[in-house]
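Throughout, read-outs are computed from the coordinates displayed, never taken from laboratory work. A quick note: this is a predicted structure, and the numbers were derived from the prediction, not measured. When we count neighbours, we look across all protein chains shown, and the Cβ atoms used for this are built from the backbone with ideal geometry, even at glycine.
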Amino acid sequence: MKSGVSTYSLVDKIASRQMSVLDVIQWIAHQGGEHVEIVPAGYDLENNMELVDAIRGKAEELKLDISNYAITANFVAGDERACEAEIARVMKHVDIADRLGAKLMRHDVAFRPVGEMTEAYFAADLDRMADACRRIADYAVQYGITTSVENHGHYVQASERVERLLRHVDRTNFRTTVDIANFMCVDEDPVEACKRNAPYASMVHVKDFYVRPSGFDYGEGWGQSVGGNALRGAILGNGDVNVREILRIIKSSGYDGYLSLEFEGMEDSLTGTRVGLDNLKRIWAEV
């Protein structure tokens, strides 16, 4: 197992130009990270092969693995032509993942508004989503890349829906990026959800949330789950996610890949990420 950090954790520093993505990679190495996950938020790689090569070069210089390349995608927005265009776009990102030297790549699958996140819509969309994922996974085989869907974006976020999609795609190089806290966005117990999805994990995102019951205005920094519960990002180990038990489940499942820290809290992102990474290493060693 290798612990490291997603560049998304420092997206505020990148977006404000306080740090470049290359600065972030350097910082992660200095904190003792063993890998970096590349998430092009605050910077663009699709039209910047020079930066792609610079990222790979920086990671190699620092002896830091590039663990995973994570992008957004939506295969249910629009008609068949739109879906084909989206598949082609994601395949170009598979090329970028290979150029980065990553052997793992996460892409989203679908987003729908709240009124369309029903079981009926999911069942109707399943064949289209699975076909897109299958074709992209088949394309990625040439590079030895495993693609994955994350429990992310509400529509394909519950552990049962993730598992159903995986079974429908039926490719050994299509798995799931398990985000240990994201299940809470659809009001699912993250411990039980991780038990269900851990056997299919190609990548694990580790983060923490504060959770409060619905019916109150908690002020700035809080979002809402689908069911109305209040959620706020926390430093890993400080929030309400049972991180210790979930990491025990993941270790017991036989997972021995990358653990990627994501920080989404209100604290300074450098502090929150540094403390979270220290906590991740300690807890993993203890469980």
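In this structure, is V21 β-branched (V, I, T) and over 15 Å from R274 (Cβ atoms)? It is true that V21 is β-branched (V, I, T) and over 15 Å from R274 (Cβ atoms).
If you go through segment 130-163 one residue at a time, how many are assigned to a helix (DSSP H, G or I) and closer than 18 Å to N68 by Cβ? Write out each step before concluding.
Step one: of segment 130-163, the residues assigned to a helix (DSSP H, G or I) are 130-143, 159-163.
Adding the requirement that they be closer than 18 Å to N68 by Cβ leaves 133, 136-137, 139-141, 143, 162.
Within segment 130-163, residues that are assigned to a helix (DSSP H, G or I) and closer than 18 Å to N68 by Cβ number 8.
Within segment 123-145, the residues that satisfy the criterion of being of a type outside the set (D, E, K, R) and either in contact with a Lys or Arg (Cβ under 6 Å, 6 or more places away or on another chain) or surrounded by fewer than 20 Cβ atoms within 10 Å (Cβ to Cβ) (or both) are A123, A124, L126, A137, Y139, V141, Q142, Y143, G144, I145.
Go through the residues of segment 39-57 one by one and say whether even a single one is free of Cβ contacts under 8 Å to residues at least 60 places away in the same chain, surrounded by fewer than 19 Cβ atoms within 10 Å (Cβ to Cβ), of a type in the set (S, T, N, Q) and outside any loop (DSSP other than H, G, I, E, B).
no
When V287, V275 are screened for being out of contact with any helix residue (DSSP H, G or I) (no Cβ under 6 Å at 6 or more places or on another chain), of a type in the set (V, I, T) and either without any contact (Cβ under 8 Å) to a residue 60 or more places away in the chain or farther than 17 Å from T177 by Cβ (or both), only V275 passes. Looking across segment 101-122 at every residue that is without any contact (Cβ under 8 Å) to a residue 60 or more places away in the chain and farther than 20 Å from V186 by Cα, the one that is surrounded by the most Cβ atoms within 10 Å (Cβ to Cβ) is identified as M105. Evaluated against (1) among the acidic types (D, E); (2) out of contact with any helix residue (DSSP H, G or I) (no Cβ under 8 Å at 6 or more places or on another chain); (3) surrounded by fewer than 21 Cβ atoms within 10 Å (Cβ to Cβ), D179 falls short on exactly one condition, (3). Mind listing whichever residues of segment 246-271 are surrounded by 15 or more Cβ atoms within 10 Å (Cβ to Cβ) and acidic (D, E)? Correct list: E262, E264, E267.
Tell me, yes or no, whether segment 64-87 has at least one residue that is touching a Cys at 6+ places or on another chain (Cβ under 8 Å) and touching a residue at least 40 places away in the same chain (Cβ under 8 Å). For segment 64-87, residues touching a Cys at 6+ places or on another chain (Cβ under 8 Å) and touching a residue at least 40 places away in the same chain (Cβ under 8 Å): present.
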